[in-house]
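*Asks:* The following block contains the structure, expressed as structure tokens.
What follows is calculated from the coordinates using simple rules that are stated; it is not laboratory data. Every value quoted in this text rests on a predicted model; they were computed, and no experiment measured them. All Cβ positions, glycine included, derive from the backbone under ideal geometry; neighbour counts span all protein chains shown.
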Amino acid sequence: MSNQTDHTKTALILGATGGIGGAVAEGLALRGWRIRALNRNAAEAARRQPEFDWLQGDAMRAEDVLKAAEGADVIVHAVNPPGYRNWAQVVLPMLDNTIAAAKAVGARIVLPGTVYNFGPDVFPNVTEDSAQKPKTRKGAIRVQMERRLKAAAEQGDTPVIIVRAGDFFGGARANSWFSQAMVTPGKLIRSMTYPGKRGLGHQWAYLPDVAETMIRLIEKGDELPTFAVYHMRGHWDGDGRQMVDAVQRVLGHKVKVKAFPWWTVPLAAPFVPFMRELREMSYLWDVPLQMRNDKLLAVLGEEPHTPIDVAIRASLTSIGCLQAA
């Protein structure tokens, strides 16, 4: 690793203004890491989070990423196209820039992974080594991302950590089913919408738990395989009622629960990028998918796990659906 003479380790965070990138950056900073972040509007980002070292630049420009990576021990690749636009055109070039920079400076790459790599052929129990036959365009790109990272790791000079988790919830900056489909940010909750079928299980991941898991793996980096992939169990909602019930417990009263209007999604998809995403990912609500965390437990001893009511209260508060106590 790069900073052997300096006891302060440096992490370059790509996507530090996003949900998972921001959470990992904040967690590493609390542990004494120097946080460097690349942003197209570094001055504005620095006003919001002055404790980070913000560099003006674009993850699509190889020279910007390389310059930002100088002296970094770790590059957290948590950058996504804003608003899901141009996903197919920019995701792989951005990752290639990260791989090139990591190779040049001797840094470890850390990627927040997803379940989109997998198709229903391997449901319901998905392991780290399950066959990846994605059903969607985004899933196919995710498979390509992981293949490129594996190739970089197997060439021997670029260690990689990937953490795959279920549907994110939590944090004010994360786009998620929870904050964009189930409840309305900024409004007190009088009713909820649930995307799944009654009785069908669904896997959730509380974003701060995902970030903490990634950080603990980063801290154990030298003990891990060169290409290290781990699944989180997260919050398993066995019957599709547990998230709803937790919201009602936090609110202190019952609310009306409506079925998600899936029939509207194809109508809105041509005009609303998020609806296109929902349409592609709808299969994840038709079949239960459960990722086991045995491999993660073998390394960490436990999986960071915030109790569901605590996680839901924090999530609702962060998006303005609860009057903060």
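*Asks:* Between the range 215-278 and the range 159-180, how many Å separate their Cα centres?
*Replies:* 7 Å
*Asks:* Here's something else I'd like to know. Are there GluC sites (Glu not before Pro) in the range 9-52 that DSSP puts in a loop and that have at most 12 other Cβ atoms within 10 Å, and which ones? Intermediate results must be reported in sequence, preceding the final value.
*Replies:* On the way: sites: 26, 44, 51; in loops: 51.
Passing sites in the range 9-52 are 51.
*Asks:* A further question follows. Given a cut-off of under 8 Å on Cα pairs at least six residues apart, what relative contact order in percent is computed for the chain? Walk me through the numbers on the way to the answer.
*Replies:* Values: 634 pairs, mean separation 57.2, N = 325.
Relative contact order, the chain: 18 percent.
*Asks:* Using only alpha carbon pairs under 8 Å that are at least six residues apart, calculate the relative contact order of the range 110-229 and give it in whole percent. It would help to have the intermediate numbers written out before the result.
*Replies:* Working: 133 pairs, mean separation 35.1, N = 120.
Averaging sequence separation for qualifying contacts and normalising by length gives 29 percent for the range 110-229.
*Asks:* Continuing with this model, one more query. Given an 8 Å cut-off on Cα distances and at least 6 residues of separation, report the relative contact order of the range 79-165 as a percent. Could you put the intermediate results ahead of the total?
*Replies:* On the way: 95 pairs, mean separation 32.4, N = 87.
Relative contact order comes out at 37 percent.
*Asks:* Here is a follow-up. Pick out, in residue order, every one of the trypsin sites (Lys or Arg not before Pro) in the range 15-84 that is DSSP loop and has at most 16 other C-beta atoms within 10 Å; say none if there are none. Provide the component values of the computation, followed by the final result.
*Replies:* Values: sites: 31, 34, 36, 40, 47, 48, 61, 67; in loops: 31, 40, 61.
Loop-located and lightly packed - 31, 40, 61.
*Asks:* Let me ask another. Out of all DSSP beta bridges with both ends in the chain, state the antiparallel percent to the nearest 5.
*Replies:* Working: 3 of 38 bridges.
DSSP beta bridges in the chain are roughly 10 percent antiparallel.
*Asks:* Right, something else. Can you pull out the GluC sites (Glu not before Pro) in the range 221-325 that DSSP calls coil and that have at most 16 other Cβ atoms within 10 Å?
*Replies:* Sparse-neighbourhood loop GluC sites (Glu not before Pro): 302.
*Asks:* Sticking to Cα atoms, compute the Rg of the range 144-261 to one decimal and its Dmax as the biggest Cα-Cα distance, whole number, in Å.
*Replies:* Looking at the range 144-261, its Cα Rg and Dmax stand at 18.0, 56 Å.
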